[in-house]
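Any read-out appearing in this document is the output of simple, stated calculations on the displayed coordinates, not a laboratory observation. Owing to the predicted nature of the structure, the values given are computational and were not obtained by experimental measurement. Here the Cβ positions follow ideal geometry from the backbone for every residue, glycine too, while neighbour counts run over all protein chains shown.
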Amino acid sequence: MAAYLVEWGSLLLRWLHVVTAIAWIGASFFFMHLDASLRKTPTIAKGGVAWEVHGGGFYEMRKYLVAPDEMPAELTWHKWQSYWTWISGFSLLVWIYYGQSSLYLINPEVMPLQPWQAVLCGVGGLALGWLFYDNACKILVGKQDMLLAGLVFVFVVAMSWVWSHLFSGRGALIHTGALMATMMTGNVFLNIIPNQRKVVADLIAGRAPNPEFGKQAKQRSTHNNYFTLPVLFMMISNHYPTTYANAATIPLTVTLVIVAGALVRHFYNVRHSLHGNNWASPWWAWAVATLAMFAAFYVGMAASPSGRERLGLPPAAETVDPGKKADAAPAAVRRGAFELPPQKVIDVISTRCSMCHAAEPVFEGLQIPPKNIRFDTPEEIGREAAAIRVQAVMSHAMPPNNITEMTPGERAVLAAWLLPGG
Ligand code: HEC
């Protein structure tokens, strides 16, 4: 029962997270586009007007910077999409990475952390990251936009480097994404919305609002817009082990993905401000972004032994300090969170699963183990116990289409180990 609840809890949280993120990012794209397409109009001193067509009607969108002369009777705020994206995302982080830290977050060969230490490194990093970012923005607002962008970029990459020395590869990548996402929601919750509240209070009191608030909010929402694509990549990367199989390459992958994602946003932001003069769009941004993604692909391939072989590269030097590795052994005991499978289970897995899930799969057409899941040793099987339970006991997703003809009796052997009592 508990295992099913954990699985469904994760599914429901992810559903919520995806839905709220779509709503939030959709709004972010929409307003950036709107801002870029505004044209000056004599009736508005600062701001502009744009026409849009959608859903069977025409919209005349007007922007008043920093605010209209009078407070409108009704005002729609855009904030809960952002808050719920963060709340659901952080809950997912807790559910999966902190709740099941020995499976997903802690790799004793990188750093033999206790679960509470790992949580501290994760949450502490997110909190410190926000403080650094927020203060950097406050100091540099309106003055040094490019310097600030560069600083934030280097900082995020540095944090990914730190986390890749503390966590499993996917743990490091998801925390890097969570850091950027925390900056984004922090911007909305702690800067943009409070500033807008001050503007509203000024309007109600009949005071002229301070234009500084508008400037700050624009700075933050521009950052958010440039963050969206890289963050989404990091959020889905944990389903693709070649992006995190080797911790040493994570900072480089993060660098390349931020460059590519931000450039694609840049392309659209500029293009939308050209009022239809599409040929003047910064096409070079696509070229550089494509190169960056090719580089990321190459880095991912060069990070795995079989990939290196195919690229004709010499085998990589041992990335884990051998002293530390000896310290961390035996992995099974130190992990503590799983038991080694009984021989009967090992026999089932090696006859029904290992032809695909091995360092060197023998199944035709497979060159690397799917999802980097390997069952070459009892330790590896034990480490993946929870995933095996989901894929082959709670569901029959594996073997795919039961291609290796696993019998109900064999599943019962796995169930006796993984779901005692059903
Ligand atoms: C014919 C080859 C093949 C066999 C045999 C096979 N798998 Fe898989 N397995 C795959 C592929 C392909 C994927 C990736 C599926 C995807 O991308 O959604 C996968 C994915 C997985 C995953 C990761 C799922 C995820 O999304 O995180 C687990 C766990 C797994 N298999 C366990 C098993 C177990 C246990 C067995 C034996 C009962 C088994 N597999 C047999 C090919 C195989």
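Taking other Cβ atoms within 10 Å as a rough exposure proxy, 25, 250 sort from fewest to most as 25, 250. Beyond 19 Å in Cα-Cα separation lie the following of the pairs 63/138; 40/79; 46/218; 79/143; 63/143; 143/215: 63/138; 40/79; 79/143; 63/143.
Can you give the Kirkwood hydrodynamic radius for the chain, in Å, rounded to one decimal and based on Cα pairs?
Details: mean 1/r = 0.0410 Å⁻¹.
Final number for the Kirkwood radius of the chain is 24.4 Å.
With 0.36 nm allotted per residue and the present C-alpha distance subtracted, the residue 278-residue 41 stretch has 83.0 nm of extension available.
Would you kindly state how much longer the chain becomes between residue 123 and residue 190 on full extension, computed as 0.36 nm times their sequence separation minus their alpha carbon distance, in nm to one decimal?
Answer, rounded to one decimal: 22.3 nm.
For the chain, the relative contact order comes to 14 percent (Cα pairs under 8 Å, sequence separation of at least 6). Using R0 = 51 Å, the C-beta based FRET efficiency linking residue 138 and residue 372 works out to 0.75.
Using the Cβ-Cβ distance between residue 165 and residue 200 with R0 = 45 Å, the FRET efficiency computed as 1/(1 + (r/R0)^6) comes to roughly 0.50. Which whole-angstrom value gives the distance between the alpha carbon centres of region 366-387 and region 194-253? Using only Cα atoms, the two centres lie 37 Å from each other.
Enter the per residue convex hull volume of region 338-418, computed from alpha-carbon coordinates, in Å³ rounded to the nearest integer. Walk me through the numbers before you get to the answer.
Details: hull volume 6.6 nm³, N = 81.
Value for region 338-418: 81 Å³ per residue.
Between residue 359 and residue 58, the distance separating the two model label sites (each 7 Å from Cα on the Cα→Cβ line) works out to 6.9 nm.
Stretching the chain fully between residue 240 and residue 208 yields a gain of 6.3 nm (0.36 nm per residue, less the alpha carbon separation). Spin-label model, residue 75 to residue 397: label points 7 Å out along the Cα-to-beta-carbon direction sit 4.6 nm apart.
Mean Kyte-Doolittle of at least 1.6 and a Cα length of 24 Å or more along the axis: which whole DSSP H helices of the chain meet both?
Details: long enough: 2-37 (52 Å, 1.10); 115-140 (37 Å, 0.94); 145-164 (29 Å, 1.91); 169-186 (25 Å, 0.66); 211-237 (40 Å, -0.39); 250-272 (33 Å, 1.05); 284-302 (27 Å, 1.58).
Taking the DSSP H segments of the chain (at least 24 Å long, mean hydropathy at least 1.6), we get 145-164.
Candidate cross-link partners of residue 344 among the aspartates and glutamates, defined by an alpha-carbon separation under 13 Å and a same-chain spacing of 8 or more, comprise 410.
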